[in-house]
């Protein structure tokens with residue numbers, strides 16, 4: 001694209017599935033891309049496929065607050081501005097696992113890492129001419145919610161409940177982030193729907209096989225699912241917050257986008273981080 005000015009793009013969960021596809025597409029457009037992932041092998045495979053100087057791979061376990069802070073420090077040292085942050089990192093956990101910070105792992109990876117990356121990198125995003133954050137989760141879905149009396153699922157854990165809670169937390173994260181009047185970053189919440197992406201990351205061989213079989217008949221191709229993400233990086237929406245569910249705009253009055261709940265979750269998250277020295 002001869003008229004395309006290279007952008008600086010950061011992608012969490014970028015070594016497989018949709019994140020990987022976005023990384024390769026942006027590299028093809030001449031961008032400088034940093035991919036964050038937990039698998040050294042997948043990161044190296046992506047580096048080998050890209051075979052160019054514009055891709056960096058940062059290995060990190062983003063369920064750890066200290067690891068997210070390390071990633072932010074690395075990006076901040078290397079870049080004066082970030083044009084786009086694309087958030088894909090997630091992992092299904094059949095049993096409750098606790099991070100070194102004492103947090104339930106799905107909450108920590110799927111929600112808290114996205115909160116931290118967006119807020120910590122905001123100064124670099126605001127330094128870019130047309131910055132955007134794309135948070136790929138499940139906006140538009142109203143199932144699940146924040147377990148206000150037990151957000152860390154200490155009394156009752158289920159992998160579906162944990163995923164739904166973190167998904168709804170990401171909805172509220174977008175609402176709260178977009179409400180920062182002092183920031184020029186546009187925030188996009190995007191639900192791509194069932195996509196041929198990430199089945200090989202599930203810990204259960206049975207589930208991986210089942211998802212793979214379903215994907216062959218019913219799932220969207222990854223290339224179709226990531227096209228809006230790639231386009232938003234080039235042309236961010238005009239509004240502070242945009243929510244899209246499988247190609248359709250989401251009504252901002254949807255109960256899962258309630259500003260009061262967004263403020264409540266933001267306060268809880270700040271207290272949680274403060275209690276751990278962050």
Restricting to region 11-163, what percent of DSSP beta bridges are antiparallel, rounded to 5?
-> 5 percent
Length-normalised contact order of the chain in % [C-alpha pairs under 8 Å, at least 6 apart] | 18 percent
Could you work out the relative contact order of region 144-196, using alpha carbon pairs under 8 angstrom and six or more residues apart, expressed as a whole percent?
-> 31 percent
Quick one: compute the contact order of region 48-195, relative version, from alpha carbon pairs under 8 angstrom and 6+ residues apart, as a percent.
-> 27 percent
Order by protection proxy (mean Cβ within 10 Å, highest first), peptides 168-181, 56-69 | 168-181, 56-69
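Taking only the Cα atoms of region 33-118, how large is their convex hull per residue, in Å³?
About 98 Å³ per residue, rounded to a whole number.
Show me the ranking of peptides 70-78, 237-245 by mean Cβ neighbours inside 10 Å, starting with the highest. List each step's numbers first, then the result.
Details: 70-78: 14.7, 237-245: 16.8.
Final packing ranking: 237-245, 70-78.
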Estimated 222 nm signal from helices in the chain, with DSSP H stretches of n ≥ 4 weighted -39500 (n - 2.57), rounded to 500 | -13000 deg cm²/dmol
What Rg and what Dmax come out for region 8-275 when only alpha-carbon atoms are used, in angstroms?
-> 17.3, 49
Taking alpha-carbon centroids only, region 73-90 lies from region 125-156 a number of Å equal to 18 Å
Counting other beta carbons within 10 Å of each Cβ, put 268, 157 in order, fewest first.
-> 268, 157
Take every DSSP beta bridge whose two residues both sit in region 8-275, then give the antiparallel share in percent to the nearest 5.
-> 10 percent
Exposure proxy check on 122, 274: fewest-to-most Cβ neighbours within 10 Å is 274, 122
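Classify region 39-186 as rounded, prolate or oblate, taking a ≥ b ≥ c as the square roots of the eigenvalues of its Cα gyration tensor: rounded when a/c is under 1.5, otherwise prolate if a/b is larger than b/c and oblate if not. Before the final figure, lay out each step's value.
Details: a/c = 1.97, a/b = 1.32, b/c = 1.50.
The shape class here is oblate.
Could the peptides 105-116, 86-97 be put in order, highest first, of the mean number of other beta-carbon atoms found within 10 Å of their residues?
105-116, 86-97
Read-outs: derived from the displayed coordinates by stated rules, not from any lab. The structure presented is a predicted model; accordingly, all values stated were derived computationally and were not measured. Quick reminder, even Gly has a Cβ in these numbers, built from the backbone with ideal geometry, and neighbours come from all protein chains shown.
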